[in-house]
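Only one structure is covered here, and it is reproduced in the block below.
The values are calculated or read from the model by the stated rules, or taken from the named source; none is laboratory data. This one's a predicted model, so the numbers in the text were calculated from it and none came from an experiment. Reconstructed Cβ throughout: ideal geometry from the backbone, glycine too, with neighbour counts over all protein chains shown.
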Amino acid sequence: MEIPRGGRALEATLAARGAVDNGVERVTLRYRPPGGMPLPLGLNSYDAATLGDWLAAPATDRPARTTADGSPPAETGETPVRVSAVAAVRELSDDQVWRSRAGDAVRRQVGRSCGMSDEVMPSVPSEGRRGRRLSGGWRVTAWVSAAVCTAGLVAAAVPVMRHYEIPPFSQKGDPVSYGTVPLVAATAPTGLGPDHSGDGRIATVPAGTLLPTGPRAPFKVAHTLDDGTHIGVVTLHGKQSGYTGKVWVWAPKAYDDPKYANSGFPVMIALPGGPGYQDNYWMDPSLKLEESITKWYQQGKSKPFLLAMPVLNPGPDDKGIYWDGSDIPGQPKMGTWLTQDVPALMRANFRTLRSRDGWAYMGSSSGGFAGLKAVLKYPDRFKAALISGPDIVPDSPLWAGHAAQERENNPQVLAQQLITRKGPDVYLGFQVGTRENRSTIADIQKFIATYGKGPVHTQLNLIQGGQHNAYTYVPAMGTGPIQWISSHLAGPTPSP
């Protein structure tokens, strides 16, 4: 935004004192440009009167720091007639640190509502000077202007508070279910559970689709994303494993698209690295996994995956104790939990695909190992895995004394057995950052060189500068791995 100088600064009023942390003040400046209407500039925490003096000064009073296009003034000494409001603000102070993420977003919105660009509203500690008070009719006008900006603040704050899930605009803890179940023709294979009721429509369900089998799980909202989709969470009592733990789930917006109302969707079971106990970091919106899947689907790169995000471990992985996503004798059956109970939860509550073509894993670190092992051990149930920075062999100290069972959960052994049996085909997409442990990179490359043949199809995405964390892995998935995995999996079928 460019503001002409040489107008009239209508002074500033102190809207509130101590309205922001650390004694920062909020002011409203009114400025009338030459031949124009007064501009209400809602500003935070700096001497607005000084800015008013700057704007009101004749254009030849002193050189501007930038020209209208943001470039330095000419060396000829010629002074630009217009000055950037951004440059004027920066003339006053170099402190432009925002107090919080939410505050940043709110102030940007208020700036727009008051006719200002994003950069015009830095947060700068007050020096204790109050703006000069207006008099007469200008005071009334100032109050009207302040009311307009306040209304802008309220209007801007609501979506921002929803985005950051700030009460009372948070839906956290509210019950949530995913989609409706159509009333299907009696001849159609339904898998419809007894506790479901249809929506009154007679529908033909594609042969490869499995409708929710029930019973419905009591999901609660954990997060609401900007597109209105919900990450839900439930405490699952695993019937097969006997283990009880949390599972987070998410359905993309396409799941509610009427053209896919009768179709199943592919499932991606996303496993975290350590600690993987009482939490699963893939459900954190800041990692943007769900947002990225939506974007990649819209770009034609990815299938619109349903996500299941279970806990990986039954306890904290401290003191060198972890469970390798396996059924270690004498320990909770985490392998059964991940490969039977979690898929059963998805089938009970979502429209899924009957065949293994609609089932895959993704994971990082120890979660990558668990996903890799699951696909190799049960290739009749799962077809693919997207694996980032994984361990390649089981190495939990809990395997001590159980060598035979450890061997049964070794991806190297399982891959060789699959090659010997000549199938079925599985697709393993590996990712690793160049700044990760060299032994991790070497182990992955050795596995691919040794076992990446016959029915074991592999791909490696070497992430330049990448580190061993999810913030590296999620963006890298969109550079090729998600396309490769998706090309070998089935997607939803649109209604005829």
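Within the span defined as segment 485-492, one or more residues are among the aliphatic types (A, V, I, L, M), touching a Phe, Trp or Tyr at 6+ places or on another chain (Cβ under 7 Å) and more than 22 Å from D395 (Cβ to Cβ). Taking residues in segment 482-496 that are buried (at least 19 other Cβ atoms within 10 Å of the Cβ), and partners anywhere that are part of a loop (DSSP other than H, G, I, E, B), the pairs with Cβ atoms closer than 6 Å and at least 6 places apart or on different chains are I482/K301; I482/S302; S486/S302; S486/K303; L489/P266; L489/K303; G491/K303; P492/S263.
Would it be correct to say that L312 is under 17 Å from P272 (Cα atoms), outside any helix (DSSP H, G or I) and at pLDDT 95 or above? So L312 fits the description; yes.
Within segment 293-330, if we keep just the residues that are under 29 Å from G214 (Cα atoms) and either of a type in the set (S, T, N, Q) or not assigned by TED's automatic domain parsing to the domain that holds R381 (or both), the residue that is surrounded by the most Cβ atoms within 10 Å (Cβ to Cβ) turns out to be S326. When G242 is tested against the conditions (1) out of contact with any helix residue (DSSP H, G or I) (no Cβ under 8 Å at 6 or more places or on another chain); (2) farther than 22 Å from L338 by Cα, the lone failure is (2).
Is it true that D227 is more than 17 Å from A308 (Cβ to Cβ), under 26 Å from the mean Cα position of the chain (by Cα) and free of Cβ contacts under 8 Å to residues at least 60 places away in the same chain?
Working: more than 17 Å from A308 (Cβ to Cβ): yes; under 26 Å from the mean Cα position of the chain (by Cα): yes; free of Cβ contacts under 8 Å to residues at least 60 places away in the same chain: no.
Taking the combined requirement at face value, the residue does not satisfy it.
Of the numbered criteria (1) in contact with a strand residue (DSSP E or B) (Cβ under 8 Å, 6 or more places away or on another chain); (2) within 30 Å of N262 (Cα to Cα), the one Q459 fails is (2).
Can we say R438 is over 20 Å from A470 (Cα atoms), among the basic types (K, R) and either free of Cβ contacts under 8 Å to residues at least 12 places away in the same chain or in contact with a strand residue (DSSP E or B) (Cβ under 6 Å, 6 or more places away or on another chain) (or both)? Considered against the rule, which asks whether it is over 20 Å from A470 (Cα atoms), among the basic types (K, R) and either free of Cβ contacts under 8 Å to residues at least 12 places away in the same chain or in contact with a strand residue (DSSP E or B) (Cβ under 6 Å, 6 or more places away or on another chain) (or both), R438 comes out as no.
Could you tell me whether any residue of segment 449-456 is touching a Ser or Thr at 6+ places or on another chain (Cβ under 8 Å), buried (at least 16 other Cβ atoms within 10 Å of the Cβ), aromatic (F, W, Y) and in a helix (DSSP H, G or I)? Within segment 449-456 (the criterion being touching a Ser or Thr at 6+ places or on another chain (Cβ under 8 Å), buried (at least 16 other Cβ atoms within 10 Å of the Cβ), aromatic (F, W, Y) and in a helix (DSSP H, G or I)), the answer is yes, since at least one residue qualifies.
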